[in-house]
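Provided herewith is a single structure, encoded as structure tokens, for subsequent inquiry.
The values are calculated or read from the model by the stated rules, or taken from the named source; none is laboratory data. Quick caveat, the model's predicted, so the values are computed rather than measured. Cβ: placed from backbone, ideal geometry, glycine included. Neighbour counts: every protein chain shown.
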Amino acid sequence: MMRTHYCGQLNETLADQEVTLCGWVHRRRDHGGVIFLDIRDREGLAQVVFDPDREETFALADSVRSEYVVRIRGKVRARPAGAVNPNMASGAIEVLGYELEVLNQAETPPFPLNEYSDVGEETRLRYRFIDLRRPEMAAKLKLRSQITSSIRRYLDENGFLDVETPILTRATPEGARDYLVPSRTHPGHFFALPQSPQLFKQLLMVSGFDRYYQIAKCFRDEDLRADRQPEFTQIDIETSFLDEADIMGLTEGMIRQLFKQVLDVELGEFPHMTFEEAMRRYGSDKPDLRNPLELVDVADQLAGVEFKVFSGPANDPKGRVAALRVPGGASMPRKQIDDYTKFVGIYGAKGLAYIKVNERAKGLEGLQSPIVKFIPEDNLEVILDRVGAVDGDIVFFGADKAKIVSEALGALRIKLGTDLELLTCEWAPLWVVDFPMFEENDDGSLSALHHPFTAPKCSPEALQAEPATALSRAYDMVLNGTELGGGSIRIHRKEMQQAVFNILGISPEEQQEKFGFLLDALKFGAPPHGGLAFGLDRLVMLVTGAQSIREVIAFPKTQSAACVMTQAPGLVDNKALRELSIRLREQAKVE
């Protein structure tokens, strides 16, 4: 046996026992002729003391440095009074070192691990194997493992089967953002890596597996935004013969149990909110309900004003005029308002109108704002009443196309909630339901809001008659303004699936070529089925309080989708490309 205990497992119950530890030297200290080594392994730290009376061992202890890999035999003893360290799991004891063996030396690491300085992320990712030695990083990955164990246990107990689906599959019809893999045996042909196991899990339902899950790797070659990874992990779930309420109940139970087991947190009620209400009140389909601020529609009060900035959108069927009251915000300095105006500009807003409510009793006199002169006093009173404005508040306004107003004020609401520390609780889960089936593209065509296999709430005939207003049987679980997972009841009849493809402008020939296997499966006895997929990386990020999903993935890619540690992606030599029947364009080589 190389070791008898992990460092972090030592405590008073082991006093006077001999133990063998293996690990890394976290720090070395020399105190008046006695040498202290803090030894670290994945479970924590232990302090080992070396006395000069064991000369050989003492000399060796004197020569070791940070990050040397060592093995130590010694005796556990209580620390002397006053030397107890409450910040350490093994802080009440120390080990008197008898023998010390250096298993490997280490060069000075590129950043210190004992007092972690804020080194750049690039350096941390370049030496990720060292970064992961840091106790706070190790803790996040251990928690990730506890989370997947809890989820597997719950699903196993609820009759789910873990089935693996292929990684080499066919490029999706959208073709959008697939990672392609050239085939050597089929020259000129490509596999794609899956963006999700969607079609395979539906086929497993047609095969009668009834309840399936998988903790699946998914791949997306997308334009990177702050928190997207080209490969990510999802908890993929599909069931047969259950409706929305059943699936939501089941997965809600899973998340509740997870929070109880891992954080000892009892999540309260999961309210259900329609997409329409979420957009209206919060400007987002994943509202953060910890934040008390709400958007209020006021177009009816501004339709008749001469000020075109307001009356234009107020009279436009696709426009929106909304107000956002910020309690106590009237004391906000001008510079801060200018900063918020810049911020909403990111979302396409052309400006940010505001009214500071100093003293409502004084009527117009008590309001401070560049816009009140454009609005009749009666309408102003109605608006201020409607948003619940009291002295000391500020009210912001957005007026534009509905999409821009919702996005801009929705984002401003979140930012104000953080800046002004308005959050009312730690966890706020909810279900968002009744999503539209389709969203309109700029050219007037429709695309699927979730994916084209989502079942609508109406018949194929009603769907084709009024596709733009049709609702789907989709549901998203949202926590603290983050979408944890989304799913839907799927289409299980061929006619309905073809109706949706038609609305999306996919011709019968294209349907057959790209989805022939799915349409075939739907005509050979497909049961009613539905499911859900959770983003595991996001879930772990929320539970650990990490700032980015890169913090909870062992070896993540950078924001430019590269791995600085292994230097991936890399060039491939011409001989290998020739075998794959691939030739690079000159321009690509130069780049």
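If I filter segment 140-157 for residues that are hydroxyl-bearing (Ser, Thr, Tyr), assigned by TED's automatic domain parsing to the domain that holds residue 231 and free of Cβ contacts under 8 Å to residues at least 24 places away in the same chain, do I get at least one hit?
Yes - at least one qualifying residue is present in segment 140-157.
Inspect all residues belonging to segment 355-373 and state whether any of them is closer than 30 Å to residue 479 by Cα and in contact with a Ser or Thr (Cβ under 8 Å, 6 or more places away or on another chain).
No: segment 355-373 contains no residue that is closer than 30 Å to residue 479 by Cα and in contact with a Ser or Thr (Cβ under 8 Å, 6 or more places away or on another chain).
If we scan segment 123-135, do we find a residue that is assigned to a helix (DSSP H, G or I), closer than 20 Å to residue 47 by Cβ and within 31 Å of the chain's Cα centre (by Cα)?
Yes, segment 123-135 has at least one match.
Please specify each residue of segment 444-463 satisfying the condition of being over 19 Å from residue 526 (Cα atoms) and among the charged types (D, E, K, R).
The one that is over 19 Å from residue 526 (Cα atoms) and among the charged types (D, E, K, R): 461.
Collect the residues in segment 432-466 that are in contact (Cβ under 8 Å) with a residue 60 or more places away in the chain and polar (S, T, N, Q), keeping them in residue-number order.
Across segment 432-466, the qualifying residue is only 445.
Failed condition for residue 40, given (1) among the charged types (D, E, K, R); (2) modelled with pLDDT of 95 or more; (3) out of contact with any strand residue (DSSP E or B) (no Cβ under 9 Å at 6 or more places or on another chain), with all others met?
Residue 40 satisfies all of (1) among the charged types (D, E, K, R); (2) modelled with pLDDT of 95 or more; (3) out of contact with any strand residue (DSSP E or B) (no Cβ under 9 Å at 6 or more places or on another chain) except (3).
Here's something else I'd like to know. Residues that are surrounded by 14 or more Cβ atoms within 10 Å (Cβ to Cβ) and of a type in the set (Ser, Thr, Tyr): find the strands (runs of 3 or more DSSP E) completely inside segment 309-412 holding 2 or more of those.
Result: empty, no element qualifies.
In segment 425-451, what residues are under 23 Å from residue 507 (Cα atoms) and in a strand (DSSP E or B)?
Of everything in segment 425-451, those that are under 23 Å from residue 507 (Cα atoms) and in a strand (DSSP E or B) turn out to be 436, 438, 439, 440, 446, 447, 448.
Inspect segment 342-349 for any residue being free of Cβ contacts under 8 Å to residues at least 12 places away in the same chain and within 20 Å of residue 392 (Cα to Cα) and give the result as yes or no.
The answer is no, given that none of the residues of segment 342-349 is free of Cβ contacts under 8 Å to residues at least 12 places away in the same chain and within 20 Å of residue 392 (Cα to Cα).
For a quick check of your reading of the model, give me the residue pairs whose first member lies in segment 51-62 and is of a type outside the set (A, V, I, L, M, F, W, C), whose second is part of a helix (DSSP H, G or I), with beta-carbon atoms closer than 7 Å and at least 6 apart or on different chains.
Short answer, once both residue conditions are applied: 51/58; 52/58.
Kindly provide the set of residues from segment 32-65 that are surrounded by 16 or more Cβ atoms within 10 Å (Cβ to Cβ) and of a type in the set (Ser, Thr, Tyr), ordered by number.
57
Just one of the numbered conditions (1) farther than 17 Å from residue 103 by Cα; (2) part of a helix (DSSP H, G or I) is not true of residue 81; which one?
Among (1) farther than 17 Å from residue 103 by Cα; (2) part of a helix (DSSP H, G or I), the lone unmet condition for residue 81 is (2).
Still on this structure, please answer the following. Hey, could you check segment 66-78 for residues that are surrounded by 17 or more Cβ atoms within 10 Å (Cβ to Cβ), β-branched (Val, Ile, Thr) and within 19 Å of residue 42 (Cα to Cα) and say which is nearest to the chain's Cα centre (by Cα)?
So, considering only residues that are surrounded by 17 or more Cβ atoms within 10 Å (Cβ to Cβ), β-branched (Val, Ile, Thr) and within 19 Å of residue 42 (Cα to Cα), the one nearest to the chain's Cα centre (by Cα) is 70.
So residue 455 ticks every box in (1) buried (at least 20 other Cβ atoms within 10 Å of the Cβ); (2) closer than 30 Å to residue 311 by Cβ but one. Which box is left unticked?
Here residue 455 meets the rest and fails (2).
In addition: Could you check segment 294-308 and list, in sequence order, the residues that are under 27 Å from residue 479 (Cα atoms) and buried (at least 21 other Cβ atoms within 10 Å of the Cβ)?
Of everything in segment 294-308, just one residue is under 27 Å from residue 479 (Cα atoms) and buried (at least 21 other Cβ atoms within 10 Å of the Cβ), namely 295.
For segment 155-184, give me each residue that is part of a strand (DSSP E or B) and not charged (D, E, K, R).
161, 169, 180, 181, 182
Given (1) in a strand (DSSP E or B); (2) surrounded by 13 or more Cβ atoms within 10 Å (Cβ to Cβ); (3) of a type outside the set (Lys, Arg); (4) in contact (Cβ under 8 Å) with a residue 60 or more places away in the chain, where does residue 90 come up short, assuming only one miss?
It is condition (1) that residue 90 fails.
Return the pairs, sorted by first residue and then second, in which the second residue is of a type in the set (Asp, Glu) and surrounded by fewer than 17 Cβ atoms within 10 Å (Cβ to Cβ), the first residue lies in segment 274-297 and is modelled with pLDDT of 95 or more, the beta carbons are less than 7 Å apart, and the residues are 6+ apart or on different chains.
Final answer for the pair search is 280/297; 286/483.
Quick one: in segment 113-139, which of the residues that are small (Gly, Ala, Ser) and closer than 21 Å to residue 541 by Cα is surrounded by the fewest Cβ atoms within 10 Å (Cβ to Cβ)?
Checking each candidate, the answer is 120.
May I pose another question? Just the residues that are of a type outside the set (S, T, N, Q) and touching a helix residue (DSSP H, G or I) at 6+ places or on another chain (Cβ under 8 Å), please, taken from segment 444-470.
Once the filter is applied, which keeps residues that are of a type outside the set (S, T, N, Q) and touching a helix residue (DSSP H, G or I) at 6+ places or on another chain (Cβ under 8 Å), segment 444-470 yields 446, 448, 451, 452, 453, 455, 456, 460, 463, 467, 470.
If I filter segment 438-448 for residues that are under 23 Å from the mean Cα position of the chain (by Cα), surrounded by 14 or more Cβ atoms within 10 Å (Cβ to Cβ) and modelled with pLDDT of 95 or more, do I get at least one hit?
no
Separate question: Mind checking which residues of segment 96-122 are outside any loop (DSSP other than H, G, I, E, B), under 30 Å from residue 76 (Cβ atoms) and not β-branched (Val, Ile, Thr)?
96, 97, 98, 99, 100, 101, 103, 104
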